[in-house]
Amino acid sequence: MNERLVTGRRLGLAAALLGLTALAVPAHAQDAAKKNAPSKNADEKVVYSTYGAHNPPEFSNCEPKNCVAKREAGDPSDPVWPEHWSTRWTMYRVYNGYVENPPPYDGKPPAPLAEGKDYEASQGATYYDSTWTSADGKAKGAMMEHYVKRCLPIFPLSNQYTCSFVSLGNTAYFLTYPEDRPKGMPACCLFSDYNHPPRRDFIKHLPYSKGDSERLGGKVQGYSFWVSAKTGAPVQTGVSPVRTADGDIMFGYGFHSTATPDAADPKMEPYRHPQSFYFSGYPVEPANAPIVSQNFEGFSSAKPDPAQTWDQVARMCTGEVPRCQLFDPPDPQAQLTGTAAPAAIRTPRAPTWGDIRGR
């Protein structure tokens, strides 16, 4: 992948001292995290609760049980993704002023928030093809998210490195690159055994938020909810009021309200283009990402080139692929001394997406 923009900074201790495979679920987690964490047993499947977006409803504590959000009278119709698409985006990691200035954002976070003081901006791209099929015909659908110099900040780690998430059929991989790979991470690890690309109509799994939509004057259709990491159940529709301090986790997505032509195929019927993907990151150090927003730029139905995207899996994921430990990185002290830090002085771990309880 061509990498541009954003210069890297020195990796934090937690990321630099990773001495095991790569980055899944914590020794010093809170009780809820311990109960919900996927097993490290290589014979057991690692499946995360995704409310129907990446795997079937039975893996999530949805209401209703089919994980399809109820629409009210007056709600807009659900947008649908094109069969395949490509987009660049700017990712905003917001660490100050987010309670008073929640997403969705119309571009960069609004004033008085300032880059370098209240948020950090980085670049990336996403590629999607619902028509992709593996050579043996068993896996269908492909998606790749590529993060330049700043990885996805939802894990209890520094995110100051380049990474990619690739889903091929039901299997999801995590890739890192030699130019800034943290010490101890492999080039490839298995992120999940059941994490397929979202279906084109995935937005049906999220509740429509009138508040999110009105925040940008109706120019965007916003869909979001907050989920309890302890119960796995949704606790609030809409980003505001922000529930980060309550230990809850937010997922949101916005589409432009007006249908517009496709830049790659002007003959396509105009459609409502995606505007942003906004969500909770890991809210404290080392990631320090209470609120994250990926704002899309140049979204079009351009079909991704496999050689530049998911074909990387065949090149990088060779031999026995280790399971990731992203949600549960090894304790740095244990890596250095062979002895874990006493519980009394360990930094309490905030809830992560990996802690969300399923059914």
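Consider segment 227-246 and keep the residues that are of a type in the set (Val, Ile, Thr) and in a strand (DSSP E or B). The one that is farthest from Phe277 (Cα to Cα) is Val235. Is segment 303-316 home to any residue that is among the hydroxyl-bearing types (Ser, Thr, Tyr) and surrounded by fewer than 20 Cβ atoms within 10 Å (Cβ to Cβ)? No, segment 303-316 contains no residue that is among the hydroxyl-bearing types (Ser, Thr, Tyr) and surrounded by fewer than 20 Cβ atoms within 10 Å (Cβ to Cβ). Taking segment 87-107 as the range and being part of a loop (DSSP other than H, G, I, E, B) and within 16 Å of Pro274 (Cα to Cα) as the test, the residues that pass are Pro103, Pro104, Tyr105, Asp106, Gly107. Evaluation of Ala287 against the conditions (1) at pLDDT 95 or above; (2) surrounded by fewer than 20 Cβ atoms within 10 Å (Cβ to Cβ); (3) farther than 18 Å from Asp106 by Cα shows that the sole unmet condition is (2).
Within segment 227-260, the set of residues being crowded, with 19+ Cβ neighbours inside 10 Å and among the acidic types (Asp, Glu) comprises Asp248 only. Pairs linking a residue in segment 257-282 that is closer than 30 Å to Arg349 by Cβ to a residue that is basic (Lys, Arg) and surrounded by 13 or more Cβ atoms within 10 Å (Cβ to Cβ), with Cβ atoms under 8 Å and 6 or more positions apart or on different chains, are Gly281/Arg93. Within segment 243-265, is even one residue in contact with a Phe, Trp or Tyr (Cβ under 6 Å, 6 or more places away or on another chain) and more than 30 Å from Arg323 (Cβ to Cβ)? Yes, the conditions are met somewhere in segment 243-265.
The values are calculated or read from the model by the stated rules, or taken from the named source; none is laboratory data. For clarity, every value in this text was computed on a predicted model and none was experimentally measured. In this analysis, Cβ positions are derived from the backbone assuming ideal geometry, glycine residues included, and neighbour counts consider all displayed protein chains.
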